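Here is the structure we will look at, set down as structure tokens.
Just so it is clear, none of the values below were taken in a lab; they were calculated from the coordinates. These figures come from a predicted structure and were not determined experimentally. As a convention, Cβ positions derive from the backbone with ideal geometry for all residues, glycine included, and neighbour counts pool all protein chains shown.
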Amino acid sequence: MLLRDGVFAPRGGTGWPGGQQSWLTSATTPVDGLTRAPWVVAAGVALVLLGLALLVVALRRRTRRVLALAGCSGAHLLPADVARRARAAAEDVDGVLDASASATRRTVVVEVTTTGGASGGGGGDVRARVASAVAGSLAALTAPPRVRVHAATGGPQRSGRTS
């Protein structure tokens, strides 16, 4: 329609096929002759400022809340997913009775309860094995977080759980 109006507008109202009038003329006739009101200027300035503020918010650098996977374009993990993965890796280590984990983008803290027996090695050996297992499970991240392991000695291994 705009193309048609652009072609026929230079000829004036008589140049329209069938004597039709342009829809642009119909749309602009009611506002022709209006004068500028002070509230319109104020509203226009307010809208321009709002638009600039929204533009700044849209273009500013945002905080990163996820951890990117290496080699996968657009694949990310939330810190809660990283904590679940770390907990699962820690629970698979021999000598670990129970494990819990919390994660941020930079650090994973794993708390394990060990058997404290021969396979537990007094906690130090289990702590190193847990740290190694968790670090291995998070190696697929582009920037793996630092792993901290806290170990506590528990009672004998619960029945129903196999190592």
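Based on the mean of other Cβ atoms within 10 Å per residue, sort peptides 70-79, 125-134 so the most packed one is first.
125-134, 70-79
How much length is gained on full extension from A37 to R84, taking 0.36 nm per residue of separation minus their Cα-Cα distance?
Details: separation 47, 0.36 × 47 = 16.92 nm, distance 6.17 nm.
Net length gain for the segment: 10.7 nm.
How much length would be gained if the chain were fully extended between W23 and A139, taking 0.36 nm per residue of separation minus their Cα-Cα distance, in nm to one decimal?
35.3 nm
Can you tell me how much longer the chain between L47 and R65 gets when fully stretched, taken as 0.36 nm per residue apart minus their C-alpha distance, in nm with one decimal?
3.3 nm
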